1. Taking residue 10 and the conditions (1) touching a helix residue (DSSP H, G or I) at 6+ places or on another chain (Cβ under 7 Å); (2) farther than 30 Å from residue 108 by Cα, which numbered condition does it fall short on, given that it satisfies the others?
2. Checking residue 106 against (1) buried (at least 18 other Cβ atoms within 10 Å of the Cβ); (2) out of contact with any strand residue (DSSP E or B) (no Cβ under 9 Å at 6 or more places or on another chain), which single condition isn't satisfied?
3. Can you say whether residue 100 is surrounded by 18 or more Cβ atoms within 10 Å (Cβ to Cβ) and part of a helix (DSSP H, G or I), as far as the supplied structure shows?
4. Of the conditions (1) more than 25 Å from residue 3 (Cβ to Cβ); (2) not in a loop (DSSP other than H, G, I, E, B), residue 91 fails just one. Which one is it?
5. Going through region 121-134 one residue at a time, which ones are assigned to a strand (DSSP E or B) and farther than 15 Å from residue 92 by Cα?
6. In region 103-120, how many are part of a strand (DSSP E or B) and under 13 Å from residue 143 (Cα atoms)?
7. Here are some residues: 79, 20, 34. Which one is surrounded by fewer than 15 Cβ atoms within 10 Å (Cβ to Cβ) and at positive phi?
8. Look through region 49-88, keep the residues that are in contact with a helix residue (DSSP H, G or I) (Cβ under 7 Å, 6 or more places away or on another chain) and part of a helix (DSSP H, G or I), and return whichever of them is modelled with the lowest pLDDT.
């Protein structure tokens, strides 16, 4: 059972439980039971939990997954238009594009205000004498305003006539899109 299914199920159970407790609370007030104030608090708390679960269910978006992705930690994010991930020295070349797509697909708008966010993967190569230089393995642009990912041509090859390959995505995008 997925997380969203569990949340939906819990929301329903809490709503029914809160309704049942509400009826019991009304009876407690009508018959002047000593437990009426405890039932009032329990009823309100149960209905509050149900409302919170419903709100979470409405706002939850599952993470964007791409087959072939390999973990690369984000080492720099300026919060607006640049995100850089660090690849290990043995990072496979076939994992570069899926990793870029997954990182770009999981970016949230937040304070980016519809920016075109450049997502890069780099590795650090040592030049000797304690000096190292970053090598950019790949780059992709996530246009948050248009909800599309723009793939840039590989830097190792001469540019073709079609400089970009746009990939549109939304919450219904499946993994088959990127295979």
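The values are calculated or read from the model by the stated rules, or taken from the named source; none is laboratory data. Quick caveat, the model's predicted, so the values are computed rather than measured. With ideal geometry, Cβ positions are generated from the backbone for all residues, glycine too; neighbour counts draw on all protein chains shown.
1. Unmet condition: (2).
2. Among (1) buried (at least 18 other Cβ atoms within 10 Å of the Cβ); (2) out of contact with any strand residue (DSSP E or B) (no Cβ under 9 Å at 6 or more places or on another chain), the lone unmet condition for residue 106 is (1).
3. Here the answer is yes, as residue 100 does meet what is asked.
4. Only one criterion is unmet by residue 91, namely (2).
5. 125, 126, 127, 128, 131, 132, 133, 134
6. 4
7. Of the residues listed, the single one that is surrounded by fewer than 15 Cβ atoms within 10 Å (Cβ to Cβ) and at positive phi is 79.
8. 57
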